[in-house]
1. Suppose we filter the stretch B:149-175 for residues that are surrounded by 13 or more Cβ atoms within 10 Å (Cβ to Cβ) and over 30 Å from B:Pro202 (Cβ atoms); how many remain?
2. For the stretch A:255-274, how many residues are more than 22 Å from A:Ala19 (Cβ to Cβ), more than 7 Å from chain B (Cβ to nearest Cβ) and part of a helix (DSSP H, G or I)?
3. The conditions are (1) closer than 23 Å to B:Arg15 by Cβ; (2) within 14 Å of chain A (Cβ to nearest Cβ), and B:Ser181 fails exactly one of them. Which is it?
4. In the stretch A:82-105, is there at least one residue being within 22 Å of A:Gln27 (Cβ to Cβ), part of a helix (DSSP H, G or I) and of a type in the set (A, V, I, L, M, F, W, C)?
5. For the stretch A:111-138, name all the residues that are touching a strand residue (DSSP E or B) at 6+ places or on another chain (Cβ under 6 Å) and in a helix (DSSP H, G or I).
6. Those residues that are within 12 Å of chain A (Cβ to nearest Cβ) and hydroxyl-bearing (Ser, Thr, Tyr), I need them from the stretch B:210-253; list them, please.
7. List pairs: first in the stretch B:127-150 and basic (Lys, Arg), second surrounded by fewer than 24 Cβ atoms within 10 Å (Cβ to Cβ) and part of a strand (DSSP E or B), Cβ under 9 Å, 6+ apart or cross-chain?
2 protein chains.
Amino acid sequence: MIKVGLNGYGTIGKRVADAVLKNSRFQLVGIVKYTPDYSSKMAFKKGINIYVPPEKWRDFESQGVTPKGTIQEFLEESSIIIDASPSGKGFANLSLYKAAGKPAIFQGGEKPEVAELSFSTYCNYDEAVGRKYLRVVSCNTTGLLRILCVLHKEFNVKRARVLVIRRGADPKEDARGPINSIKLESVEDVSHHGKDAMLVLPNVKIISQAVVVPTTLMHVQYLDVEVATPVIKEQVTEVLSRYARILLVDPKKTGLDSTSKLIEAARDFLRSRNDIYENVVFENSILVSGNSISLIQAIHQESIVVPENMDALYAVAGVKLPLEKVVEETDKLLGIGGLKDVF
Amino acid sequence: MIKVGLNGYGTIGKRVADAVLKNSRFQLVGIVKYTPDYSSKMAFKKGINIYVPPEKWRDFESQGVTPKGTIQEFLEESSIIIDASPSGKGFANLSLYKAAGKPAIFQGGEKPEVAELSFSTYCNYDEAVGRKYLRVVSCNTTGLLRILCVLHKEFNVKRARVLVIRRGADPKEDARGPINSIKLESVEDVSHHGKDAMLVLPNVKIISQAVVVPTTLMHVQYLDVEVATPVIKEQVTEVLSRYARILLVDPKKTGLDSTSKLIEAARDFLRSRNDIYENVVFENSILVSGNSISLIQAIHQESIVVPENMDALYAVAGVKLPLEKVVEETDKLLGIGGLKDVF
C-alpha cells in the first residue's frame, strides 16, 4: 500500500481523506491539523491519525484528541503528500516537501509554478504519470476542462468563451458574501479560469469571465464552444453521455432545474455530504448550430476535484494502469455513475 | 411486522420512509405518489412500492416506474397510515382513512382537529398510546416542546416567551422567499407555535412570535422561561444533557457558532441528508437568573419531527414498551446520540 499523507483538512482535504480511506491501493498516514476543533475530533474518533505542530500538542490533548505525531514525523511517514491547505499555503509548503524528498499533489488555489504540471484527468493523464509535483486545477477549471477535453478529442475545439456564475461562499462559510449583489469576480477584463484551462489545453483559445452571486450550493457555467466542423445536437449528447463524470439531466422529465434541486437529489441519493462529483449538464440547454455548441452546466465546487485528486495519486505513484482503468477505479469507489440511473 | 403506509413523499415523508425501513418492527407497505419525478424513480430503484392514482399509471410506466398498485390498494394493505402530504391535504385525506378503517398519524401542518391528540414524545407519549389518530406537532413546536417539557418535569415551568427566527424556505424550495428581508411571520399579535404547544402542555402559558429570515438551513429559537423556584445554570445544563434529543454545543470549544457550521458538521458526520434530529442548544447562550432561564437553540426543520413520527407509530400500534424504551429504539436506529461524542 502506498502511504499518503494529507496536509490540510478543509473542504477538499476531508473529502480526499474519505476517498483515500476507500481505496485499498493507498494507506492514509494521517492528516495535519493546527486547531483542535470539531473536525479534528471527528477525524480522531474515525481513527484517522492527527499530526500537529509540537507547540499545539497540549491544546489537542486537552480536547481529548491525542496526536499521533508532529508534522516532521508526518513528512517522514508519508510516501506522497496531498496538499489541500488554504490557497497560497501550499506554495509555502513546497520547500518542506522538497527537503523531505517527498512528491506532492497541490490544489488549484496555488500558482501553477508550484508544480511541474497542471492536471486534469480527461486532458493530460498520460503526461502526468511519474511526475513528482502535480497541481489539480481548481473546481471551475476542472468542470470546464472535462467538457472541453471531451469535445476536443471528438470534434477538435477551436475556441471557447465561458461565463462562470460563481457561488459566493461555501455552505459553511458564514462570514463571506455577497448576500445581495451580483458582483464582477474581477476588475480585470477576463477571469483566471480560461488562462488556467489553457495551461492544460494550450492549443484551444479559451476566454472566461465571471460574476459572483449570493448562493452557496454550486457554480453554474455557460460555455460557447466553436469546433472545427459542423455537428448536430445528437452527436454532442452522445459524446457527453459516454463519460461517467458528465451527467446529462433533463429538467422536463426529472423536475431538476436548479442547483438547489440538484443538491436535494444528491441528499436523497444519500451521497455523503451531498457531493456531486459529476458535471451536471442541463440537457435542454445544449444548443448546436453549425460549428457552434453552447450549454449550461452546474459544478459542485466542494467535491468536483475529488476524483481528479485520486487520479493524480495514481499518476504520481506510478500505478501501472491505463487511464481508462484508473478512472474506472476512482469512479467506482466514489459511486460515480449511480446517479445516471435515476436522472 | 406492522404494515405502515406512507401517504406523501416530500421533505418529511421521504425521511420517515427511511426511518421505517430501518425498523424491523414495521414493514413499509409503500408510498403514494402523484407525479413520476426523480424522487419516484429513486424510491422505485430503492425497492419501495409506489402506489398511484389509476389515471396516472401510464405516466409512471413511461418513466420506467412500475406502480405496485392504486391508492385504494395502498389503503387496504396498510395497517397504519402516516400522512405526510402537503399542509391541509391531510385533513382532506382523513375521510379516506376513516372509510378504510385505518388509524393515521398526521403532521403539524394540519389543523389540530384532524386528530384526537396533538403529540410530542417527551410531553405526552403515555396519553398517546392506543389512539387511532395522532398529530405530530410542527417542527418549531416539536423543538420548543422538547425543551419545555424537559424543564417542566424538573422545574415546573410557569410561563414561556418564545421568538422564532424561521428559515424562509427549505433547501430545495427555489421559488420561495424572502431573499432579502426580515419579515414578520404574521400580521397577528402572536404566532401559532405557542398556541400549538399549549395543546400539548396546557398548564403552561406559552406566547410565541416569529420572524422569517433569508436562510434555508435551520430555524433558530430564543426561549425565555419562568420556573417555579430559583435555579442555577449547572442544574439546567445537567437536566438538558440527560436527553439524547437535546444536544448542547459549546461554540468556544467546537467552533460551531452558526446554523451553516452545524449543518457542515452534520455533513462531516455523514448524517444522511445532513439531518440533525436533535435540538441544538448553544451552551454559552443559556442564561439563568433566579426563576428565569433563557437560551438560544437551532432546529433542523426538515428532520426534527422524524423521531416523533416514529414514536407516534409505536403509540398508535400499541407496541408494549415503556416510553424510555421506545425513545431508545428510535434514537438508536436514527443514530441519535452519536454527535454528542464529537461536539
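Read the figures in this text as sums done on the coordinates, not as results from a lab. All of these numbers come straight from a predicted model, not from anything done at the bench. Counting neighbours? That spans all protein chains shown, and the Cβs are built from the backbone with ideal geometry, glycine included.
1. The total comes to 7.
2. Number satisfying all stated conditions: 1.
3. Just one mismatch for B:Ser181, condition (1).
4. yes
5. A:Pro112, A:Val114, A:Ala128 - these are the residues of the stretch A:111-138 that are touching a strand residue (DSSP E or B) at 6+ places or on another chain (Cβ under 6 Å) and in a helix (DSSP H, G or I).
6. B:Thr215, B:Thr216
7. B:Arg131/B:Leu117; B:Arg135/B:Leu117; B:Arg146/B:Ile246
Listed here are the residues, each with its yes/no results for (1) assigned to a strand (DSSP E or B); (2) touching a residue at least 24 places away in the same chain (Cβ under 8 Å); (3) not aliphatic (A, V, I, L, M).
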| site | (1), (2), (3) |
| --- | --- |
| B:Met42 | no, no, no |
| B:Gly47 | no, no, yes |
| B:Asp59 | no, yes, yes |
| B:Val65 | no, yes, no |
| B:Gln72 | no, no, yes |
